[in-house]
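Chemist: Have a look at this one before I ask anything.
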């Protein structure tokens with residue numbers, strides 16, 4: 001990381017339990033949000049945190065003329081139950097709804113989407129995932 005100019009890094013698969021913060025070996029602050037029971041999943045930032053779940057976390061940077069809200073997300077794979085996937089996207093939407101309308105919003109992370117020639121066959125289409133306000137059916141997305 002020392003070779004690059006950066007202010008904040010979004011992380012997926014942090015694999016730390018609970019919500020918390022720690023110093024990295026090179027002195028950077030790591031904010032993380034993970035599962036309570038296992039070292040699985042997890043998201044985080046290297047640098048003001050607001051954990052939503054083990055898969056969603058936000059940071060708000062006060063700036064002028066607009067503040068910036070960054071949402072880091074780690075979507076469940078297609079191996080998870082439909083309810084868990086739907087709950088994840090509902091939490092993302094709720095998080096977006098709570099952000100100030102004046103903020104610049106960045107949504108980033110690992111969406112576990114499949115792209116390429118086989119994506120259509122398997123029913124994965126990011127266009128449908130990114131449409132807000134519509135019920136998503138993993139088997140019916142086209």
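Chemist: Quick check on the stretch 9-28: of everything there that is at pLDDT below 85 and assigned to a strand (DSSP E or B), which residue is surrounded by the fewest Cβ atoms within 10 Å (Cβ to Cβ)? Full working, then the answer.
Modeler: From the stretch 9-28, those at pLDDT below 85 are 9, 23-28; that's our starting set.
Adding the requirement that they be assigned to a strand (DSSP E or B) leaves 9, 23.
Values: 9: 14, 23: 9.
By that ranking, first place goes to 23.
Chemist: Still on this structure: Quick one: residue 65 ticks every box in (1) assigned to a loop (DSSP other than H, G, I, E, B); (2) surrounded by 14 or more Cβ atoms within 10 Å (Cβ to Cβ) bar one, so which box is it?
Modeler: (2)
Chemist: Just a yes or no: is a residue in the stretch 30-50 assigned to a strand (DSSP E or B), modelled with pLDDT of 90 or more, touching a helix residue (DSSP H, G or I) at 6+ places or on another chain (Cβ under 8 Å) and at negative phi?
Modeler: No - not one qualifying residue is present in the stretch 30-50.
The values are calculated or read from the model by the stated rules, or taken from the named source; none is laboratory data. All values reported here derive from a predicted model rather than from experimental measurement. Glycine gets a Cβ as well: all are built from the backbone with ideal geometry, and neighbour counts include every protein chain shown.
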